[in-house]
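See below for the structure under consideration.
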Amino acid sequence: MAPRPHNSGHYTINGCITSQFEQHIRAITDLPFGSTQLHCPTVMINLLGELWHHGEPDWNRLLSDPRVKLHLYDKGAARPGRKMGHFCVIGETIDSTLAQAEAHFKRLTKA
């Protein structure tokens, strides 16, 4: 049990009516819960420290798509396995959104 917002649910910031962060505040302040309904299909891809092996990744490869939302955690030094951020892709169907997210990640990992 993790009585806090968890990184596996960060997609809720971009994909849901009420994010896990807002829901957490509602819970601890005894407010009514919000809707967890999805706005649209959303895929989240974690960004691990390996991506920084050759320096700062080229975020333009992601941010040129208006359906991509980038979240960097400002953790300082990147190292293998360390979660440095994530990006979410929002789309029309789960299959097309997943394909878009995978394609973006593949382009991002090319040096």
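Only the coordinates and a few stated rules stand behind these numbers; no lab work does. Source: prediction; values computed, not measured. Cβ: placed from backbone, ideal geometry, glycine included. Neighbour counts: every protein chain shown.
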Does Leu62 satisfy the criteria of being in contact with a helix residue (DSSP H, G or I) (Cβ under 6 Å, 6 or more places away or on another chain), surrounded by 13 or more Cβ atoms within 10 Å (Cβ to Cβ) and without any contact (Cβ under 8 Å) to a residue 24 or more places away in the chain?
no
So Gly49 ticks every box in (1) free of Cβ contacts under 8 Å to residues at least 12 places away in the same chain; (2) farther than 23 Å from Thr12 by Cβ; (3) touching a strand residue (DSSP E or B) at 6+ places or on another chain (Cβ under 7 Å) but one. Which box is left unticked?
(1)
Do the conditions hold for His104, that is, is it within 20 Å of Thr12 (Cα to Cα), in contact with a helix residue (DSSP H, G or I) (Cβ under 8 Å, 6 or more places away or on another chain), assigned to a helix (DSSP H, G or I) and of a type outside the set (Gly, Ala, Ser)?
yes
Scanning region 66-100 residue by residue, the ones that are charged (D, E, K, R), surrounded by 14 or more Cβ atoms within 10 Å (Cβ to Cβ) and in a loop (DSSP other than H, G, I, E, B) total 2
Filter result (of a type in the set (D, E, K, R) and within 20 Å of the chain's Cα centre (by Cα)) within region 18-33:
Glu22
How do the pairs read when you match residues in region 7-26 that are without any contact (Cβ under 8 Å) to a residue 12 or more places away in the chain and farther than 12 Å from Gln37 by Cβ with residues anywhere that are assigned to a loop (DSSP other than H, G, I, E, B) and of a type outside the set (Gly, Ala, Ser), using Cβ under 7 Å and keeping only pairs 6 or more apart or on different chains?
Arg26/Pro32; Arg26/Phe33
Filter region 20-40 down to the residues that are small (Gly, Ala, Ser) and outside any helix (DSSP H, G or I), then identify the one that is surrounded by the fewest Cβ atoms within 10 Å (Cβ to Cβ).
Ser35
